[in-house]
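Visitor: To start, I am sharing the structure in question, which I have written as structure tokens.
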Amino acid sequence: MKKGKTIWLFGRSGSGKTTLAKEFIKQWKDEQNPIVLLDGDILRASISKDLGFSVFDRMEQNRRAACMAKILNNQGFHVLAALISPTEEIRDAIAHEIGKENIVFIWINCSIETCISRDVKQLYAKEKIQAPDDFQSIQHPFEAPNKQCLSIITEGTEIHDCVAELLAICQQSFQ
């Protein structure tokens, strides 16, 4: 059995990770190589419902997702993960868990202003009112990648163009 690969979409809340991932899954037609979506919001409602947003909890959320991705990859499934993964330390731990040869990171690049304007979960709005110490957004900035990394810019780009870009990346990465 051929081992699967993981495509890991990361970026701020509101950058478009989940929207892009869901649209991509609708268009993925390779039945020989099925793909599984691991979305941070879905994981938080299930296997990570015991976690908050502290630095430790974010590390643990990403560790659990990486373990799941590795298990699925070993079973021959490709994985599309969509999680904030806000620090280089977290992304390095993910790559170590899955294996650098089995993962491609894609930064879903979008300005903080656009992320705030897309705040469908009202996380940024709540932060301004409650100012929680453990929510990673404005007070705890997202770390842009400091290593060479693929990037999809969702700000000002139509979703179908972003999906086409992601499809091309996946087709090349999954060969």
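Visitor: Would you calculate a helix-derived [θ] at 222 nm for the chain, using -39,500 (n - 2.57) for each DSSP H run of n ≥ 4 and dividing by the full residue count, to the nearest 500?
Guide: The per-residue figure over the chain is -13000 deg cm²/dmol.
Visitor: Now for a separate question. Note the angle between two axes, namely the Cα long axis of helix 88-98 and the longest principal axis of the Cα atoms of the chain, as a number of degrees from 0 to 90, rounded to the nearest 10.
Guide: Helix 88-98 and the main axis of the chain meet at about 30 degrees.
Visitor: I would also like to ask the following. At S46 and S111, where each label point lies 7 Å from the Cα along Cα→Cβ, what is the point-to-point distance in nanometres?
Guide: Taking the simple label geometry, S46 and S111 are separated by 3.7 nm.
Visitor: Using a 1.4 Å probe and counting only protein heavy atoms, arrange H78, H96 so the residue with the most accessible area comes first.
Guide: Of H78, H96, the descending order of accessible area is H96, H78.
Visitor: Something else: So if we plug the beta-carbon distance of E60 and E88 into 1/(1 + (r/R0)^6) with R0 = 22 Å, what FRET efficiency do we get, rounded to 0.05?
Guide: 0.80
Visitor: Also, I was wondering about something else. For the chain, find the longest principal axis of its Cα atoms and tell me its angle to the long axis of helix 55-74, 0 to 90°, nearest 10.
Guide: Helix 55-74 sits roughly 10 degrees off the main axis of the chain.
Visitor: Select from T157, G11, M1 the residue farthest towards the positive end of the dipole of the chain; place +1 on Cβ of Lys and Arg, -1 on Cβ of Asp and Glu, and compute about the Cα centre.
Guide: M1
Visitor: Continuing with the same structure: Count neighbours as other Cβ atoms within 10 Å of each site's Cβ, and list the GluC sites (Glu not before Pro) in the stretch 26-125 that are DSSP loop with at most 13 such neighbours.
Guide: E31
Visitor: Can you give the accessible area of D50, probe radius 1.4 Å, in Å² rounded to 10?
Guide: 110
Visitor: Between the helical axis of 17-27 and the dominant principal axis of the chain, each derived from Cα atoms, what acute angle in degrees is found, rounded to the nearest 10?
Guide: The angle comes out at about 30 degrees.
Visitor: Using Cα springs under 10 Å in a Gaussian network model of the chain, which residue among T157, T114, T87 shows the largest mean-square fluctuation?
Guide: T157
Visitor: Next question. With unit charges on the beta carbon (Lys/Arg positive, Asp/Glu negative), name the residue among W28, A95, I106 whose Cα is farthest towards the positive pole of the charge dipole of the chain.
Guide: Selected residue: W28.
Visitor: For the stretch 153-175 and the stretch 63-118, what is the separation of their C-alpha centers, rounded to whole Å?
Guide: Between the Cα centre of the stretch 153-175 and that of the stretch 63-118, the gap is 16 Å.
Visitor: Evaluate the charge dipole of the chain about its Cα centre and quote only its size in Debye, nearest 20, assuming +1 on the Cβ of each Lys and Arg and -1 on the Cβ of each Asp and Glu.
Guide: 440
Visitor: Restricting to Cα pairs below 8 Å that are 6+ residues apart, what does the relative contact order work out to for the chain? Please round to a whole percent.
Guide: 36
The values are calculated or read from the model by the stated rules, or taken from the named source; none is laboratory data. As the structure is a prediction and not an experimental result, all values here were calculated from the model. Counting neighbours? That spans all protein chains shown, and the Cβs are built from the backbone with ideal geometry, glycine included. Accessible surface is based on the protein model in full, side chains and every heavy atom, while ligands, DNA and RNA are left aside. Shrake-Rupley method; radii C 1.70, N 1.55, O 1.52, S 1.80 Å.
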